[in-house]
Amino acid sequence: MGLRNRNPGKNVSSDMSQMKPPWYPSFPKLFKRKKIVPKQDREEARNLSASYSEHTWDIETIISNHPGSRINRKSIQHSLGLTASQASDLLLRNGPNMLPKPKEVSDLKLFISQFMDLLWILLLATDGLSLIAFIADPSNLTQLWVTLIIFIMIFGMCCVSFFHERAARKVVRGFQNLLAENCICIRDGREINMSAEELVNGDIILIKSGTKVPADARIIYCSQLKLETSSITGEAEPNDYQAEAASETTTIFEAHNVAFNGSLCVDGEGLAVVIRTGTSTVIGQIANLTTGQENNKSRLEKQMRKFVIFLIIAATSIGLIIFIIGGFVHKWKGIINLLCNGFLVCAIGLVPVGMPATVTSIIALVARRLAQKNVFLKRLDIVEALGSVNIIASDKTGTLTKNVMTVTDAWFYDEYVDGLPSKKTVTSSRVKSDLSNFDAPVSDLLDIMTVCNTSKFIDEEPSKDKLSITMPKFESSIEMEKEAMTLRPASGAPSEVAMLRYADQLIDINATRKAYNIIFEIPFNSKRKWHLMIAKTKSLGGGQAEYKLLIKGASEILVKKCSRIVTRTGHIDFDEDVMARFQSAYETFGSNGRRVIGFCYKTFVADENIQFDWDKDNVPLFDLTFIGVCAIMDPPRDETAIAIQQCRSAGIKVFMVTGDHHLTAAAIAREIKLIEDIPGKPKDYEIIHGEKISNLTDQEWNELLKKRALVFARTTPEQKLLIVEQCQKRKQIIAMTGDGVNDSPALKKADIGIAMGSGSDVAKQAADVILMDDNFASIVKGVQEGRMMFENIKKLMVYTAAHTSPEIWPIVINFCIGFPLGITSLQILAIDLGTEILPGVSMAKEPMEGDLMERPPRRRDKVLISNTLLSYAYGYGGLIQSLGCFLGYCVVFWTHGIAVTDLWMSAMTHWQEGAPDFVSNGRSFTWEEQLYINRQACSAWQMGIIFGQFFHVLGTRTRRQSIFVHGVFKNMHSIASMVIVIIAAVVMIYVPGINKFLGGAPISIYCWLMVGAVGLFLLWINETRKFLTRRFPKNPVLRSLKW
């Protein structure tokens, strides 16, 4: 029956993350999503409970502060609520009970924004110059092909990026999904079903089982009300709520008399008066803390942006210099052609056009590998930051632990039972035993554990989707059996479900339950801390019957009601010796983070027709017989301890941040070896209660963050955010995990926000990474992949950037000293968008180099593209490759008997259609022969770049180890790509039609031999450099050669 007996009135009705490539810029603001800015002062907004005092009010104070609610002091169930006109005025004045929806970006704006990348802008400008050159000389179709190829490449990349980002925006909808859509409200003395958006302060709402709370509301009456608030407060189990006032020292989160907007009622019902709506609610403030923050740019994004700016400046400067010098050399003839070609070749040559595709491909491959390891990246580029993380602040429940409450141990007067008790007769694990197959007191404990239990298994057909786990092995003196079991889906309180599953492994629970005729029950609540049932066992005649009282609950309370205890040999008095044994067991379990549940029973005779009633004091809760206790906990994941050790080896600190009690948190931390007390060594950890976090001074934070491990217990959302900020203030790179709405501000603020796959949509929306298996060990896998990706992208940048120098020098010698053209624009594009892609992408498959996971994290100021990398790629490394290309280019002329010195300024009048004969060493060449030789020279230069990179990739696959120690054939993808590239080069140079289209012609074997010799020389240079930097790591000269 409901709280009220009224005729219902008429219904009142009323009507992501980014996955851009890492070089995307921060502008234009036009395309940015609008942020919701908190109205409160920053410090006040950070304290979610600062503006609440209603939890300390008694009923008289509530009535005086809400006179319009017309609360009936004598019979609260018959309160009248606001009038319709009062509610209408308040709604007009304060606005609807809803959270502002972020402004959506249209598909058109989103698509246009893809082209606002600095690199695309540079290449589009280059494309424009190529188009101008074609318009100036329509006979030169090369420029038209260059224009089309570059534009198609840019358009294609932008389309892919657009579809990725649009899909990512639709993954989660965030806070809106948490809120109730409708509610039952009392207005004008009637219950009406109305839209939650129309609620106002002072409304009286009815909370029923299975419904969501539509606003923050102070409970004024309730009956066995239980609310599940894990998404807001982080507490795993539903809590009992009350109407009584709390003390002023109690926070609103611990008072349990204010129902929060978005909470779910799992049992009972109640009446509450609305005290906050919309953005003023706790969930609204959390939304403000989350959406009011700027989107963090990843470190990879920032560094790639700097590199693109460097390329823009370099391409513009070099292009301008070449144009000016070429203008004087060519006496400013054909100025448009000079301008376009000067800037065009410099832009195409200096900027690795294939770099975006290659880098994105590497990140996508890493993302795919991580997805196979249950790590989903919402932002592809965030994995680099994950690889440089210093601190991982992890939630406990479900991340470090299994999030499956489990009965781990039991205690009786005579013994401890580790895991499952032994049977009298051994039976198959698939055959359920009868209770008679167990000795007392084990049989008694299983009996009560099964019957005095409101949880139940959800009926289902055998399914392949059942979750299989391995029972944990504990390091304490009590050790669980390693036995694979299948978790049957069940409903009920987690602790009761744990007991039901424990009993189900041993006995037929359905048969056991059917054996009892339950006639009376008192449910568990937080005040009594016990759950009682009374069963009628048999009629004795004469109006009398035998009854059995079954009770379970807080063991420290139940033992005070007991006079006897069951032992293996019978019943004995519950004396001081028994109490000492019990206390020892209780402290053993409690110190190891177990929740201790006691079990008692009593057999008695009473009137056959008695109506048991707690208020009538006819429930015989005295002289009980104590059976024993069971210990329940959420066990650590099997791989957590190993993962934490891997973090330590990698120089990463692990912090536990949880809403649980500090004793439970500390016990789990010890079990997973997060904190350890080593004799003779100072304590290198600290356990901090949430209340102290906000009051810590800067000096105390400095000392805390020097510790190897920290455990933060009883933390609130604003305290989690403070932990992140204090770490970032000290230049630490922090990854924060979480699954609830209460975690979202910290997830958004952290360098890497990691949400759980089973968590709320809000947490997933705020995070950068989602752990699909909720497993801490998966984070460590992500760190390893991040470190590998940083190393491999660095190698990729060296490999890719080094070939840009050989692409610039042909235009330099052509414009500045009048040599014949060394390479065409189409050949450059064939290299950048063709032969460079596969070897670059194969870098993602390069195995980990040496002790990568035993090195400390990278410093925050350590950049991906360093000065030493640039000096190698654009300096001596690029120059050696350019030398090989130039020598291969010269071989073409030497094989035709042409002296290289005769090429000086020859391009002014020769090497073009209709040119006069060219004479060298007494030999004469017609303009047709000149064009053919020039095409051969272009092919030789093109081959010089491709074949030179064949050797260069061997030298850049490792940064410290010799490639011969690391293993030349360790990355078969790289070997395969090298073979494919050589085949592609042969096709481009020797296949008729293709070579002519690109502007080339077949060349002799001597060109290949010359370039091969220089390539081997560059490989020797790299191997020598790596040997010397390993041998003398502190030498300042050698450090300047280490990229």
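Placing +1 on the Cβ of every Lys and Arg and -1 on the Cβ of every Asp and Glu, with nothing else charged, gives the chain a dipole about its Cα centre of roughly 2740 debye. Modelled this way, with points 7 Å down the Cα-to-C-beta line, the labels at Glu576 and Met908 are 11.8 nm from one another. Around the amide H of Val619, modelled in the peptide plane, lie the amide H atoms of Asp613, all under 5 Å away and 5 or more residues distant in sequence or on another chain. In order along the stretch 536-551, the Karplus-derived 3J(HN,Hα) couplings, from 6.51 cos²θ - 1.76 cosθ + 1.60 at θ = phi - 60°, round to 8, 8, 6, 8, 9, x, x, x, 10, 8, 9, 10, 10, 9, 10, 8 Hz, and Gly and Pro are given as x. Read through the labelled values (1) 235; (2) 220; (3) 388 and report the label of the one computed as volume of the Cα convex hull per residue in Å³ from the structure. Correct label is (2). About its Cα centre, the stretch 755-820 has a charge dipole of approximately 240 debye under the convention of +1 per Lys or Arg Cβ and -1 per Asp or Glu Cβ, with nothing else charged. Our helix-only sum for the chain, with -39,500 (n - 2.57) per DSSP H run of n ≥ 4 divided by its residues, gives a mean residue ellipticity at 222 nm of -13000 deg cm²/dmol. Amide H contacts under 5 Å for Glu269: Ser223, Leu225, restricted to partners 5 or more places along the chain or on a different chain, H placed in the peptide plane at 1.01 Å from N. Placing +1 on the Cβ of every Lys and Arg and -1 on the Cβ of every Asp and Glu, with no other charges, gives the stretch 385-426 a dipole of roughly 200 debye about its Cα centre. Indicate, rounded to the nearest 5 percent, the antiparallel portion of the DSSP beta bridges found entirely in the chain. Beta bridges within the chain, antiparallel portion: roughly 75 percent. Phi-derived couplings, Karplus 6.51 cos²θ - 1.76 cosθ + 1.60 at θ = phi - 60°, listed residue by residue for the stretch 857-873: x, 5, 5, 4, 8, 7, 9, 5, 10, 8, 5, 5, 5, 5, 5, 6, 5 Hz, with x used for Gly and Pro. With the charge dipole of the chain set up from +1 on Lys and Arg Cβ and -1 on Asp and Glu Cβ about the Cα centre, the Cα lying farthest toward the positive end among the listed residues Ile391, Val657, Ala511 is that of Ile391.
For Ile945, neighbours were defined as the other residues whose beta-carbon sits under 14 Å from its Cβ, and their charges (Lys and Arg +1, Asp and Glu -1) total -3. Positive-end ranking of Asn1022, Asn702, Leu225 along the dipole of the chain, with charges on Cβ about the Cα centre, is headed by Asn1022. Across the stretch 878-889, rounded Karplus estimates of 3J(HN,Hα) from the backbone phi angles (6.51 cos²θ - 1.76 cosθ + 1.60, θ = phi - 60°) give x, 5, 5, 4, 4, 4, x, 5, 5, 5, x, 4 Hz, Gly and Pro being marked x. For Ala606, the residues 5 or more places off, or on other chains, whose built amide H falls under 5 Å of its own are Ala545, Tyr547.
Laboratory data are not the source of any read-out in this text; all were calculated from the coordinates shown. Keep in mind it's a predicted model, so treat the numbers as computed, not measured. Cβ: placed from backbone, ideal geometry, glycine included. Neighbour counts: every protein chain shown.
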